[in-house]
Amino acid sequence: MAKTFRNLIDGEWVAPSTGAYFDNRNPADTTDLIGRFPDSDAADVAAAVRSARRGFARWSKMPAPVRGDVLRRVGDLLVERKEAIADAMTREMGKVLAETRGDVQEGIDTAYYAATEGRRLFGHTVPSELQSKWAMSFRRPIGVVGLITPFNFPLAIPTWKMFPALLCGNSVIIKPSEDVPHTVHLLVEILLEAGLPADVVQLVHGRGETVGKALVEHPEIPVISFTGSTETGAIIGETCGRMHKRLSLEMGGKNAMIVMDDADLDLALEGVLWGAFGTTGQRCTATSRLLLHRKIHDRFLKRLVDAAETLRLGDGRADRTDVGPLIHEASRDKVERYIEIGREQGAELATGGKSPGGRLGRGWFFKPTVFAGVRPGSRLEQEEIFGPVLSVVRIRSFDEAVRVNNGVRYGLSSSVYTGDVNLAFRALQELDNGITYVNAPTIGAEAHLPFGGVKATGNGHREGGWEVYDFYSETKVGYVDYSGKLQRAQMDTYDV
Ligand code: NAD
């Protein structure tokens, strides 16, 4: 009998006020029921906010290095449980174990980075324009932070948000994706075990349209951080704009890899297989467009198709698996629709394009797919599919590659394979993305650098690195005048 999970509200594991639950199933085998999770609503969110406000009052006064120590212990516990969490994550999300181990490692790195940030959290001390006056800026915690996360990085993305928010002295309420609720349950258990006061973290499971919406609309949550699709981000952005909330949006991508005629083709082939079909193409940074220079186009395409056909589909927990399933039926339906759209718009299906069936029929599997002859501007080339579908575009020059790369509404990551150092630096400057890789695929972010994109991918904030600490803290300025007299800025002058 599958376990029934609960929300964490005010330090207690409690049933949802609705009394309703949803099933969490293994996408590689939908007969495998992982557990039943709360289908909560706005009343649960309201209770979580009341408790989180009390948590904030205490936690915000704790010295930042002490808050950092708690996060260091969280990192230690993640190290201890890495294997168990990776296994649980693959079971509910589908990606292969090597990748879910990487997902946990990202959480570990983020925890240790946050721990050290507790001894930095720098402000500035600058000279005043007046004598005997001190001028400085410093950071303050903000309040209760609402976190809404997607399915594809079940641990890493929640930690990217939670750890810096907590380190800065905020309390957090998290609503994980309803597709992967178990991983965040395991993470929250660790936070409590590491000594985080129980009212500083609240976990409310449920659907986006109810729990997510209630978080976004709650007047006592001044900060929202969201990662997910651009469509959902737009809905959230409207509400947050109206309510004057601080909002970080990390959304979709349509990332391109450019392979020039002087590239190391073996390296580029390995890179594109990993970039396009790793995580079954369900990464915001997945390589979904391949821009091939005409001089190497035909031979590279042939090698790519041959290699894609050797990738082994299966349960991500089996050793031999290269590519796991898609997350759910709706996702597979969407990929199937794009196969039709690609054909209708004249692209050539070079390999894949269907589900494997047979022994994999109980999961949401889909064959690694390559479309050739994809036209810039067509839907296949423009829209985020979020599956193992790669669109190949033939290009004549680097300038054309830049135009095609920049000709989509998204701007997350890009990559160029070339031996020409001049082109490499032009790519860094001219490709309109938050992240550009040289001689590496479009994926592979590191926890201590800022992560995010331009245009419809984001709203100007970054996750990770040092920049995210700006998002989760309020800058305050202090002036101390020790001259003992009234001094007037911009008016009092000095004879030099
Ligand atoms: P999604 O937008 O369907 O859901 C994301 C989260 O938002 C879920 O927790 C969901 O329950 C919640 N939600 C849905 N409707 C809501 C509403 N009206 N109000 C509040 N919350 C709501 O996205 P997904 O399918 O889980 O994830 C895939 C998407 O996420 C892709 O577009 C991908 O590119 C993007 N993504 C972006 C990044 C990034 O850093 N840029 C990282 C990972 C994923």
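The values are calculated or read from the model by the stated rules, or taken from the named source; none is laboratory data. For clarity, every value in this text was computed on a predicted model and none was experimentally measured. Note that each Cβ is placed from the backbone with ideal geometry, even for glycine, and that neighbours are counted across all protein chains shown. Ligands, DNA and RNA are excluded from the accessible area calculation, which covers all protein heavy atoms including side chains. Shrake-Rupley method; radii C 1.70, N 1.55, O 1.52, S 1.80 Å.
Compute the helix-to-body angle for 64-80: its Cα long axis versus the longest principal axis of the chain, expressed 0 to 90° and rounded to tens.
30 degrees
Sorted by average packing, counted as other Cβ atoms within 10 angstrom per residue and highest first, what order do 451-458, 73-80 take?
451-458, 73-80
Quick one: net charge of TRP274's neighbours, Cβ under 11 Å, K/R +1, D/E -1?
-2
Per the Debye formula with a single identical scatterer at each Cα and no solvent contribution, what log10 I(q)/I(0) holds for the stretch 255-438 at q = 0.11, 0.18 Å⁻¹?
For the stretch 255-438, the Cα-only Debye profile gives -0.44, -1.16.
DSSP beta bridges in the stretch 255-438, what fraction antiparallel, as a percent rounded to 5?
Close to 10 percent.
Tell me the carbon and sulfur percent of the accessible area for the stretch 255-438, rounded to whole percent, probe radius 1.4 Å.
45 percent
I need the P(r) histogram for the stretch 1-116: all alpha carbon pairs, bin width 5 Å from 0 out to the longest distance, whole percents.
With a bin width of 5 Å, the distribution comes to 2, 11, 13, 13, 17, 20, 16, 7, 2, 0.
If you put +1 on each Lys and Arg Cβ and -1 on each Asp and Glu Cβ, how big is the dipole of the stretch 428-476 around its Cα centre, in Debye rounded to 20?
Using Cβ point charges on Lys, Arg, Asp and Glu, the stretch 428-476 gives about 60 debye.
Among 329-339, 160-170, 380-390, 182-192, what's the highest-first ranking by average C-beta atoms within 10 angstrom per residue?
With the highest mean Cβ count within 10 Å placed first, the list reads 160-170, 380-390, 182-192, 329-339.
Quote the convex hull volume per residue of the stretch 154-287, based on C-alpha atoms, as a whole number of Å³.
Spelled out: Cα convex hull of the stretch 154-287, divided by residues, is 147 Å³.
Convert 4 °C to kelvin, take the viscosity as 1.567 mPa s, use the Kirkwood radius over C-alpha pairs of the chain as Rh, and evaluate the Stokes-Einstein diffusion coefficient in µm²/s, rounded to a whole number.
My calculation gives 54 µm²/s for D.
Note down the net charge around VAL477, summing +1 for each Lys or Arg and -1 for each Asp or Glu among other residues with Cβ under 13 Å from its Cβ.
With Lys, Arg at +1 and Asp, Glu at -1, the neighbours total +3.
Could you work out the helix-only [θ] at 222 nm for the chain, with each DSSP H run of four or more residues adding -39,500 (n - 2.57) and the total divided by the number of residues, to the nearest 500 deg cm²/dmol?
It comes out at -11500 deg cm²/dmol, rounded to the nearest 500.
If we count every other residue with Cβ under 15 angstrom of HIS244's Cβ, Lys/Arg +1 and Asp/Glu -1, where does the sum land?
-1
Between Rg and the Kirkwood Rh of the stretch 373-451, both from Cα atoms, what is the Rg to Rh ratio?
0.95
Please report, for the Cα atoms of the stretch 433-496, the Rg to one decimal and the Dmax as a whole number; what are they, in angstrom?
Computed over the Cα atoms of the stretch 433-496, radius of gyration and Dmax are 21.4, 62 Å.
Modelled label-to-label distance, LYS354 and ASP492, 7 Å Cα→beta-carbon offset: nm?
It works out to 8.4 nm between the two label points.
Rank by packing, highest mean first: peptides 218-230, 340-352, with packing defined as the count of other Cβ atoms within 10 Å averaged across residues.
218-230, 340-352
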